[in-house]
Amino acid sequence: METFKGIPVSPGIAIGRVFIFDDFRQRVPRRVVADNQVEHEKARLGGAIEAAEGELAKLSEEAAERLGPESAKIFGFHQQMLSDRTVREPILHRIDQEQVTAEFAVQEQFRWLADMFAQMDDSTFRTKVDDVWDVERRLLRHLIGEHQSSLDKLDGPAIVLSRDLTPSQAAAFQGKEVKGFGTDLGGLTSHTAIFARALRIPAVVGLERLSEVAEDRDPVIIDGDRGVVILHPDDETKESYRGYIAQGEALALTLAELSDVACETRDGVRVKLMGNIEFADEASDVLDVGGDGIGLFRTEFLWLTSDHEPSEEEQYEAYTRCVELAEGRDVVLRTFDLGADKYTQERAMTPERNPFLGCRSIRYCLQNLDMFRRQLRAMLRASNHGKLKIMFPLVSHLMELRQAKMILHDVMEDLTDEGIEFDPRIPVGMMVEVPSAAMMASSFAKEVDFLSIGTNDLVQYTLAVDRTNERVQGLYTAAHPAVLKLVKDVIRAGRRQSREVSLCGEMAGEVEYSLLLVGLGLRTLSATPSRLPYLKRVIRSVDIGQCERLARTASSFDSHSQVTSYLRDQARKLIPDSLGGRSVDDAPA
């Protein structure tokens, strides 16, 4: 039995078998296969070569027709490489003698070939290095893609392990026997972590080298409450975890009873609980658990889970469906938060060195106006079907906000000229995610209808901690006194300008933080739908006086460790079973 500790990003426990999810764009780890799998790996190699040869023959034919015979010769060289015995036989030999996977053997042979070409004196040969990499990627795509497609044929619960996952890869888990996943890289608030919570499956990230150690079909337990993954668990450990799963199911039944009651404190103060979603159909999940509406629709997931920019019509259909499923409740659509994500960086001609401080979110939209206008048109058209709000992300300058509003008004004029109906009084707001916006919240509040504090990025930019970097996860905390001060300042600024202020970062989903936020004056929290019953239970168990006293004390501390310790202690005293899970010491390690 071997235990790996990482960062818990989506709660829950799952017991199953390992499924390794490699990515041909990254280095393939060395993995040994069983004796009876060697011939299978050779057959996989043969199938990949055959598929690649078929692709290259078609490409060569198309190139000859469109660009002439000289261009077709490029693919001819690739075909020769695949058919060359001096290339194939070392790969087969490695699989046979070392009992490794076909993809690892291919990678090692082609790396050797690339090095050999690169060291030759003749420049003609040195220029062939790119061709070697192209053939390698083509083969790996077939080999790893074939392996990934076997997710459809799983015969039992699978725990996916990978070095890293993109949101689109995680999206492929929907409807399959994937019960949880773990990655070597990643942080608490990465898009993939957020997606795991949307899928309602346990997930742990920042596990360092787990995907290199584990093998397909290894028995495994993933504990998304404690951030633990256990390989080859013994019978006693399995039995303990089955008990924890049963406890969780019993608690879920109790929480379900709260779905039809109002979320208000014991002294009658109403707190709105909204849901954060990635897909339109999740709106019904929010209502099922008693949510008051959609506080954040992350619209960029329409883009990140497809191979193209969603058209105006595709967006309109998604937004309209969300509004209709919300059944008259508020729906807040955030414009695309793109730029720092892998999707756009991988497709950029020159990827940014530090995309989180680069052209992302509202900056990206303002530099891609055709895309931005298409999205605003779709949002405005959907506003004719229900209570819709538009929210701009990562605004740091007043001019950004004014420019975005000006474009919105231009789109409104276009729709009016075309005779297309929309809500001309649609509320427009912005996210407060950077310190400059938080410190100028009073100025911004005069120009918007509402403010929403996005603590995922606010913490990152306030503390200079990359929220996706597992090496500095210990420094990433919403409990830092500087973060709390900014949150408090934004709430006060909104109140002075009579503007509604909500908080839609992951901070809102933590029960101990919810008491603090209500005590600071927030009356609208937006979190992952699965967290809403826990928040409702906590809020209904306290009165405003208790929350305000807790907030005053927490605000007096000068270190995040003091704040965290105090909040957890108070949560346990006020609501003993409030934390919605076990502590790190409650289960075997």
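The values are calculated or read from the model by the stated rules, or taken from the named source; none is laboratory data. Note that this is a predicted model, so its numbers are computed, not measured. Cβ atoms come from the backbone with ideal geometry, glycine included; neighbour counts cover every protein chain shown.
Somewhere in the stretch 497-514, is a residue more than 27 Å from residue 5 (Cα to Cα) and part of a helix (DSSP H, G or I)?
First pass over the stretch 497-514, keeping only residues more than 27 Å from residue 5 (Cα to Cα): 497-504.
Narrowing further to those that are part of a helix (DSSP H, G or I): none.
No: the stretch 497-514 contains no residue that is more than 27 Å from residue 5 (Cα to Cα) and part of a helix (DSSP H, G or I).
Among the numbered conditions (1) touching a residue at least 40 places away in the same chain (Cβ under 8 Å); (2) among the aliphatic types (A, V, I, L, M); (3) on the phi > 0 side of the Ramachandran plot, tell me where residue 464 comes up short.
(1)
Would you mind stating whether residue 235 is free of Cβ contacts under 8 Å to residues at least 60 places away in the same chain and outside the structural domain of residue 165 (by TED's automatic domain parsing)? First the steps, then the outcome.
Working: free of Cβ contacts under 8 Å to residues at least 60 places away in the same chain: yes; outside the structural domain of residue 165 (by TED's automatic domain parsing): no.
In short, no.
Quick test of your reading of the structure: residue 471 fulfils all but one of (1) without any contact (Cβ under 8 Å) to a residue 12 or more places away in the chain; (2) over 21 Å from residue 564 (Cα atoms). Name the failing condition by number.
The single condition residue 471 does not satisfy is (2).
Table: residues versus (1) surrounded by 12 or more Cβ atoms within 10 Å (Cβ to Cβ); (2) out of contact with any Ser or Thr (no Cβ under 6 Å at 6 or more places or on another chain); (3) not assigned by TED's automatic domain parsing to the domain that holds residue 336.
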residue: 405; (1), (2), (3): yes, yes, no
residue: 422; (1), (2), (3): yes, no, no
residue: 425; (1), (2), (3): no, yes, no
residue: 430; (1), (2), (3): yes, yes, no
residue: 435; (1), (2), (3): yes, no, no
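For residues that are surrounded by fewer than 20 Cβ atoms within 10 Å (Cβ to Cβ), assigned to a helix (DSSP H, G or I) and either modelled with pLDDT of 95 or more or of a type in the set (D, E, K, R) (or both), tally how many sit in the stretch 464-483.
Total meeting the criteria: 3.
From the set of residues in the stretch 454-476 that are more than 18 Å from the chain's Cα centre (by Cα) and β-branched (Val, Ile, Thr), which is farthest from residue 434 (Cα to Cα)?
Looking at the filtered set, the residue picked out is 472.
Residue-wise test of (1) of a type in the set (A, V, I, L, M); (2) more than 19 Å from the chain's Cα centre (by Cα); (3) at pLDDT 95 or above.
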{"site": "298", "(1), (2), (3)": "no, no, no"}
{"site": "315", "(1), (2), (3)": "no, yes, yes"}
{"site": "321", "(1), (2), (3)": "no, yes, yes"}
{"site": "324", "(1), (2), (3)": "no, yes, yes"}
{"site": "335", "(1), (2), (3)": "no, no, yes"}
{"site": "349", "(1), (2), (3)": "yes, yes, no"}
{"site": "355", "(1), (2), (3)": "no, no, no"}
{"site": "360", "(1), (2), (3)": "no, no, no"}
{"site": "370", "(1), (2), (3)": "no, yes, yes"}
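I'd like to check something: does the stretch 543-565 contain any residue that is of a type outside the set (S, T, N, Q), assigned to a strand (DSSP E or B) and either in contact with a Pro (Cβ under 9 Å, 6 or more places away or on another chain) or in the same structural domain as residue 273 (by TED's automatic domain parsing) (or both)? Step through it out loud before you land on a result.
Keep residues of the stretch 543-565 that are of a type outside the set (S, T, N, Q), which gives 543-545, 547-552, 554, 557-558, 560, 563.
Of the ones still in play, those that are also assigned to a strand (DSSP E or B) are none.
For the stretch 543-565, residues of a type outside the set (S, T, N, Q), assigned to a strand (DSSP E or B) and either in contact with a Pro (Cβ under 9 Å, 6 or more places away or on another chain) or in the same structural domain as residue 273 (by TED's automatic domain parsing) (or both): absent.
Name the single residue, out of those in the stretch 197-218 being hydrophobic (A, V, I, L, M, F, W, C) and more than 24 Å from residue 248 (Cβ to Cβ), that is surrounded by the fewest Cβ atoms within 10 Å (Cβ to Cβ). Talk me through it step by step, then tell me what you get.
Of the residues in the stretch 197-218, the ones hydrophobic (A, V, I, L, M, F, W, C) are 198-199, 201, 203-205, 207, 210, 213-214.
Remaining after also requiring more than 24 Å from residue 248 (Cβ to Cβ): 213-214.
Values: 213: 16, 214: 24.
Ranking the candidates gives 213 first.
Counting only residues that are in a loop (DSSP other than H, G, I, E, B) and either touching a residue at least 24 places away in the same chain (Cβ under 8 Å) or not assigned by TED's automatic domain parsing to the domain that holds residue 271 (or both), how many does the stretch 284-307 have?
Taking the stretch 284-307 first, the residues in a loop (DSSP other than H, G, I, E, B) are 289-292, 299-300, 305-307.
Keeping just the survivors that are either touching a residue at least 24 places away in the same chain (Cβ under 8 Å) or not assigned by TED's automatic domain parsing to the domain that holds residue 271 (or both) gives 289-292, 299-300, 305-306.
Of the residues in that region, 8 qualify.
How many residues does the stretch 263-280 hold that are surrounded by fewer than 16 Cβ atoms within 10 Å (Cβ to Cβ) and at pLDDT below 90?
Number satisfying all stated conditions: 0.
Quick one: is residue 131 surrounded by 15 or more Cβ atoms within 10 Å (Cβ to Cβ), modelled with pLDDT under 85 and of a type outside the set (Ser, Thr, Tyr)? Talk me through it step by step, then tell me what you get.
Numbers: surrounded by 15 or more Cβ atoms within 10 Å (Cβ to Cβ): yes; modelled with pLDDT under 85: yes; of a type outside the set (Ser, Thr, Tyr): yes.
In short, yes.
Kindly indicate whether any position in the stretch 457-478 is in contact with a Leu (Cβ under 8 Å, 6 or more places away or on another chain) and under 27 Å from residue 407 (Cα atoms).
Yes, some residue in the stretch 457-478 is in contact with a Leu (Cβ under 8 Å, 6 or more places away or on another chain) and under 27 Å from residue 407 (Cα atoms).
One residue is enough: does the stretch 489-508 have a residue meeting the conditions among the small types (Gly, Ala, Ser), at pLDDT below 95 and either surrounded by 20 or more Cβ atoms within 10 Å (Cβ to Cβ) or within 18 Å of residue 391 (Cα to Cα) (or both)? Quick ask: steps written out before the conclusion?
The initial filter retains those residues of the stretch 489-508 that are among the small types (Gly, Ala, Ser), namely 493-494, 498, 502, 505, 508.
When the remaining residues are screened for being at pLDDT below 95, the result is 505, 508.
Narrowing further to those that are either surrounded by 20 or more Cβ atoms within 10 Å (Cβ to Cβ) or within 18 Å of residue 391 (Cα to Cα) (or both): 505, 508.
Looking for residues that are among the small types (Gly, Ala, Ser), at pLDDT below 95 and either surrounded by 20 or more Cβ atoms within 10 Å (Cβ to Cβ) or within 18 Å of residue 391 (Cα to Cα) (or both), one finds at least one in the stretch 489-508, hence yes.
Kindly indicate whether residue 114 is farther than 21 Å from residue 47 by Cα and either surrounded by 13 or more Cβ atoms within 10 Å (Cβ to Cβ) or at pLDDT below 85 (or both).
On the way: farther than 21 Å from residue 47 by Cα: yes; either surrounded by 13 or more Cβ atoms within 10 Å (Cβ to Cβ) or at pLDDT below 85 (or both): yes.
Yes; evaluated as a whole, the condition is true for this residue.
Name the residues in the stretch 363-389 that are over 30 Å from residue 327 (Cβ atoms) and surrounded by 24 or more Cβ atoms within 10 Å (Cβ to Cβ), would you? Working first, answer last.
Here is the first cut: in the stretch 363-389, the ones over 30 Å from residue 327 (Cβ atoms) are 363-364, 366-371.
364 - this is the single residue of the stretch 363-389 that is over 30 Å from residue 327 (Cβ atoms) and surrounded by 24 or more Cβ atoms within 10 Å (Cβ to Cβ).
Given (1) surrounded by 13 or more Cβ atoms within 10 Å (Cβ to Cβ); (2) farther than 27 Å from residue 386 by Cα, where does residue 249 come up short, assuming only one miss?
Evaluating residue 249 over (1) surrounded by 13 or more Cβ atoms within 10 Å (Cβ to Cβ); (2) farther than 27 Å from residue 386 by Cα leaves (1) as the failure.
Please determine whether any residue of the stretch 514-524 is out of contact with any His (no Cβ under 9 Å at 6 or more places or on another chain), modelled with pLDDT under 95 and not hydroxyl-bearing (Ser, Thr, Tyr).
Our first condition is that a residue be out of contact with any His (no Cβ under 9 Å at 6 or more places or on another chain); within the stretch 514-524, this holds for 514-524.
The next check asks that each one be modelled with pLDDT under 95; those that pass are 514-515.
If we keep only those that are not hydroxyl-bearing (Ser, Thr, Tyr) as well, we get 515.
Yes, the stretch 514-524 contains a residue that is out of contact with any His (no Cβ under 9 Å at 6 or more places or on another chain), modelled with pLDDT under 95 and not hydroxyl-bearing (Ser, Thr, Tyr).
Across the stretch 308-326, what is the number of residues that are among the hydroxyl-bearing types (Ser, Thr, Tyr), under 12 Å from residue 377 (Cα atoms) and either free of Cβ contacts under 8 Å to residues at least 40 places away in the same chain or part of a helix (DSSP H, G or I) (or both)? Steps first, please.
Just the residues of the stretch 308-326 that are among the hydroxyl-bearing types (Ser, Thr, Tyr), to begin with: 311, 316, 319-320.
With the extra rule that they be under 12 Å from residue 377 (Cα atoms), the set shrinks to 311, 316, 319.
Okay, now just the ones that are also either free of Cβ contacts under 8 Å to residues at least 40 places away in the same chain or part of a helix (DSSP H, G or I) (or both), so 316, 319.
Going through the stretch 308-326 one residue at a time, the tally reaches 2.
Return the pairs, sorted by first residue and then second, in which the second residue is aromatic (Phe, Trp, Tyr) and crowded, with 19+ Cβ neighbours inside 10 Å, the first residue lies in the stretch 550-575 and is within 16 Å of residue 514 (Cβ to Cβ) and in contact (Cβ under 8 Å) with a residue 60 or more places away in the chain, the beta carbons are less than 9 Å apart, and the residues are 6+ apart or on different chains.
Once the first residue is within 16 Å of residue 514 (Cβ to Cβ) and in contact (Cβ under 8 Å) with a residue 60 or more places away in the chain and sits in the stretch 550-575, its partners that are aromatic (Phe, Trp, Tyr) and crowded, with 19+ Cβ neighbours inside 10 Å give 567/513.
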